[in-house]
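Novice: Starting off with a structure, shown below.
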Amino acid sequence: MSTPPSSRPARGRWALWLLILPFIGLLVPNWYARAEPRLSGIPFFIWYQFAWVVGGVLVTGFVYFVRRDPEDGE
Amino acid sequence: MSTHWDELGIVIGLGVAVAAIGFGAARWRRADLNHLEEWGLAGRTFGTLVTWFLLGGDLYTAYTFVAVPGLVYGSGAFGLFALPYTVIIYPLVFLTMPRLWQVARNRGYVTGSDYVRDRFDSRFFALLIAITGIVATMPYIALQIYGIKVVLANMGISPEVALIVAFVVLAAFTYVSGLRAPALIALVKDTLIWLVVLVAVIYIPYKLGGFGSIFHKVEQAAAVAPKAKAKPDVLPGTLFGGYSTIALGSALALFLYPHSLTGVFSSSSRRVIRRNASFLPAYSFMLGLIALFGFMAIAAGVKPSKDFGNNSAIADLFQTMFPSWFTGVAFAAIAIGALVPAAVMSIAAANLFSRNVWREYVQPRMSMRTEASISKVASLVVKIGALIFILFVPATDILYFQTAGGVWMINALPALIIALYVKRLNTLSMMLGWAAGIGLGTWALVQEKFATSLHDFGVGGKIYIGFAAIAVNLAVVLLGSLLAALAGRRSATRLSDDDYRARHPEDLSLTGTRPPVTQPAPGTGG
C-alpha cells in the first residue's frame with residue numbers, strides 16, 4: 001500500500017446534495033402535467049421531461065467536477 | 001404478408017458481421033478466459049467509452065425499444081415514465097455504484113450476491129438474492145428474443161428457425177468470448193441504433209407534417225375516443241401517483257439486476273462509473289425520442305397487429321414510412337440490439353449460478369478453471385431455457401413475468417445498497433423484509449392477474465406494486481434492525497470499513513497504468 005487513503009480527504013461533499021434536484025423536478029407530475037406552453041407543437045408535459053434529461057446531465061456533471069475524491073482513481 | 005427479401009438480406013449481412021465480431025472478441029485485451037473475472041467481467045478493465053457502450057447496450061435493450069413506443073401507442077402519456085425513470089436513475093448510480101464497485105474490486109466479487117454473502121456472513125441470504133436475480137433475469141432474456149421475433153415476423157419470414165439460428169450463434173460466441181463479446185458488439189449495435197433513431201426522428205415528423213401536426217392528430221383522436229380508450233399526450237390526474245411511483249421504483253430496481261451489476265463491475269475505476277452517470281443519459285434522451293414514435297404511430301394511423309398487439313407499433317411505423325432498405329437497417333439494429341443484453345444477462349445469471357449456488361452448495365473447493373467452466377455451461381442452459389420459453393409460452397405471459405421480475409428484483413435494494421451505508425442491519429430482519437416485500441408484491445400482482453404493475457393499496461390511488469413492496473420491505477428491515485439493536489444483538493459480517501476504501505495503489509494514482517487484476521488460476525499456468 002502506498003498512500004494511506006485517509007491522508008487526502010474528498011473535497012466538495014456538499015455538492016452531493018444537488019443530486020436531489022432531478023427527483024424534485026420529475027417525481028411530482030402535478031407540476032408539469034399540462035399541454036401549455038408548447039414548444040413547436042410539443043406539449044409542455046413532454047418537452048419539460050426532455051429538458052430534465054439535459055438538466056440531469058448538468059447536475060451530475062457539475063457534482064463530478066466540484067467533488068474530487070482521490071479514491072476515485074483513474 | 002410476403003417476404004421482404006431486401007430487408008432480410010441486410011439483416012442477415014449485419015448478423016454475420018456481428019457473429020464474426022463476437023467470436024473475434026476472445027482475442028481482444030487478451031487474457032486467460034478460464035478465469036471467471038476475465039470471462040465474466042473482462043478483467044475489470046473497461047474504461048469510460050467501452051463502459052458507456054456496454055451499459056448503454058445492456059440497459060437500453062431491444063425489448064425497451066419495442067415496448068416503450070408500444071406502451072405510448074397503446075396508452076399515451078403514461079408510457080413516457082421511461083423518461084423520469086431513466087433520468088433519476090443516474091444520481092443514484094453516481095452515489096451508490098462506486099462504493100459497491102470498490103468493495104467488489106477489493107474482494108474479487110463477480111456478483112451482487114458475493115457481496116451479500118460477506119456483508120451478512122450468510123450464504124443462505126446470498127442464495128435468496130441470487131435466486132431473485134436469476135428469476136428476474138430469465139424472462140428478461142426471453143423478452144430480448146421476443147424483440148427479435150417481432151422484427152422477423154414483420155419481414156414476413158417464419159421466426160422460429162431464424163430465432164434458433166440467431167440463438168445458437170449468440171450462445172456460441174458468449175461461451176467462447178464471455179463479456180468481451182457483447183462489449184464489442186455494443187459498439188456496432190449502438191452506432192446502428194443511433195443512426196436509425198436520428199434519421200427517423202427527423203424524417204418521420206417531416207413526412208407527418210411536423211410535431212405540431214402529430215400532437216394535433218393525437219389530441220383529436222383522444223378527444224373523440226371513449227374515456228377508457230383515450231391515449232392522451234398529457235398525463236391525466238388519476239395516474240400521477242402511478243407515474244411517479246413506477247418511475248422511482250423502476251429506477252431503484254434497474255441497477256440491482258445482475259446484468260447491470262456485471263456492467264458496473266467490469267469497469268476499471270470509480271471514476272469511470274461517475275463519468276458514465278453523466279454520459280449515459282444520452283441514451284435516456286434517445287429512449288425518449290423512441291417513445292415519441294408511439295405518438296407518431298397513432299398520428300400515422302398504424303393499426304395494432306394481430307400477433308403482437310401494440311408492440312409492433314414501431315416496426316409497422318417504420319415499414320410504412322421508410323424505403324425497405326432503411327427498414328432493413330432499422331430491423332437489424334433492433335435484432336442486434338437484442339443480442340447484447342441477452343449475452344450480458346446470460347453471463348450475469350450464469351455467474352450467480354456458479355458462484356452463489358454451485359460453489360456454495362455443491363462443490364465448495366472447485367478450482368478457478370472449473371468455476372469458469374460451470375459459468376460457461378450455465379450461460380448456455382440459461383439461453384436454451386429462454387428460447388424454449390419464447391417458443392412455447394404465449395408472448396403476453398412473458399410480458400407478465402417481466403413485470404413481476406421488476407417487482408421481485410427491487411427487494412434486493414436493502415441487501416445491495418442500504419447495506420453499503422447502514423452498518424447495524426440485522427440479518428434475520430433483512431430476510432424477513434425480503435420475504436414480506438416479495439410476498440406483498442406477488443399478492444398484488446395476482447390481484448391484478450399480472451396484467452398491470454399498478455395496484456390500489458388504499459393509499460394514494462393506484463401505485464406501482466414494486467414501490468409498495470420495497471416500502472414494506474424497508475419498514476420490516478428498519479424496525480427489525482432497531483429492535484435487534486435495542487436488544488444488543490449484532491449480526492455477523494466479514495467486512496470492515498477498510499474493505500470499502502480504495503487500497504490498490506493503482507486505484508489511487510491518477511496516472512499509473514494498471515496491472516491485470518486476475519491472478520493466474522491454479523493449474524492453468526496463467
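Novice: Consider A:PHE65 against the criteria (1) more than 7 Å from chain B (Cβ to nearest Cβ); (2) more than 25 Å from B:PHE211 (Cβ to Cβ); (3) more than 16 Å from the chain's Cα centre (by Cα): it satisfies all of them except one. Which criterion is unmet?
Specialist: Answer for A:PHE65: the failing condition is (3).
Novice: Sticking with this one: Right, A:TRP47: more than 7 Å from chain B (Cβ to nearest Cβ), modelled with pLDDT under 95 and in a helix (DSSP H, G or I) or not?
Specialist: Details: more than 7 Å from chain B (Cβ to nearest Cβ): yes; modelled with pLDDT under 95: no; in a helix (DSSP H, G or I): yes.
Here the answer is no, as A:TRP47 does not meet what is asked.
Novice: Just checking, which of B:ILE298, B:ILE290 is among the β-branched types (Val, Ile, Thr), within 21 Å of the chain's Cα centre (by Cα), farther than 21 Å from A:LEU16 by Cβ and in a helix (DSSP H, G or I)? Spell out how you get there, then give the answer.
Specialist: Details: B:ILE298 fails: within 21 Å of the chain's Cα centre (by Cα).
Just one listed residue meets the conditions, B:ILE290.
Novice: Does B:ALA349 fit the bill of being within 30 Å of B:VAL18 (Cβ to Cβ) and either at pLDDT 90 or above or in contact with a His (Cβ under 6 Å, 6 or more places away or on another chain) (or both)? First the steps, then the outcome.
Specialist: Working: within 30 Å of B:VAL18 (Cβ to Cβ): yes; either at pLDDT 90 or above or in contact with a His (Cβ under 6 Å, 6 or more places away or on another chain) (or both): yes.
Against the criterion (within 30 Å of B:VAL18 (Cβ to Cβ) and either at pLDDT 90 or above or in contact with a His (Cβ under 6 Å, 6 or more places away or on another chain) (or both)), B:ALA349 qualifies.
Novice: While we're here: Is it true that B:LYS449 is basic (Lys, Arg) and either in contact (Cβ under 8 Å) with a residue 40 or more places away in the chain or crowded, with 22+ Cβ neighbours inside 10 Å (or both)? Steps first, please.
Specialist: On the way: basic (Lys, Arg): yes; either in contact (Cβ under 8 Å) with a residue 40 or more places away in the chain or crowded, with 22+ Cβ neighbours inside 10 Å (or both): no.
Considered against the rule, which asks whether it is basic (Lys, Arg) and either in contact (Cβ under 8 Å) with a residue 40 or more places away in the chain or crowded, with 22+ Cβ neighbours inside 10 Å (or both), B:LYS449 comes out as no.
Novice: Residues that are over 20 Å from the mean Cα position of the chain (by Cα): which helices (runs of 4 or more DSSP H) entirely in region B:368-479 hold 3 or more of them?
Specialist: On the way: elements: B:368-392, B:395-409, B:427-447.
Filter on region B:368-479 gives B:368-392, B:427-447.
Novice: Tell me which residues, restricted to region B:199-241, are among the charged types (D, E, K, R) and touching a Pro at 6+ places or on another chain (Cβ under 8 Å). Spell out the reasoning first.
Specialist: As a first pass, look at region B:199-241 and keep what is among the charged types (D, E, K, R): B:207, B:217, B:219, B:227, B:229, B:231, B:233.
Scanning region B:199-241 gives B:GLU219, B:ASP233.
Novice: Restricting to region A:29-44, what's the tally of residues that are outside any helix (DSSP H, G or I) and either among the polar types (S, T, N, Q) or at the interface with chain B (Cβ under 7 Å from one of its Cβ atoms) (or both)?
Specialist: Summing the residues that are outside any helix (DSSP H, G or I) and either among the polar types (S, T, N, Q) or at the interface with chain B (Cβ under 7 Å from one of its Cβ atoms) (or both) in region A:29-44 gives 7.
Novice: All but one of (1) touching a strand residue (DSSP E or B) at 6+ places or on another chain (Cβ under 9 Å); (2) farther than 25 Å from B:PRO281 by Cβ; (3) within 14 Å of another protein chain (Cβ to nearest Cβ) hold for B:VAL103; state the number of the condition that does not hold.
Specialist: B:VAL103 satisfies all of (1) touching a strand residue (DSSP E or B) at 6+ places or on another chain (Cβ under 9 Å); (2) farther than 25 Å from B:PRO281 by Cβ; (3) within 14 Å of another protein chain (Cβ to nearest Cβ) except (1).
Novice: Working carefully through the options B:THR174, B:THR191, find the one that is assigned to a helix (DSSP H, G or I) and crowded, with 17+ Cβ neighbours inside 10 Å.
Specialist: Numbers: B:THR191 fails: crowded, with 17+ Cβ neighbours inside 10 Å.
Residue meeting the stated conditions: B:THR174.
The values are calculated or read from the model by the stated rules, or taken from the named source; none is laboratory data. Here the structure is a predicted model, which means the values were calculated and not measured. Positions of Cβ are backbone-derived with ideal geometry, glycine not excepted, and every protein chain shown enters the neighbour counts.
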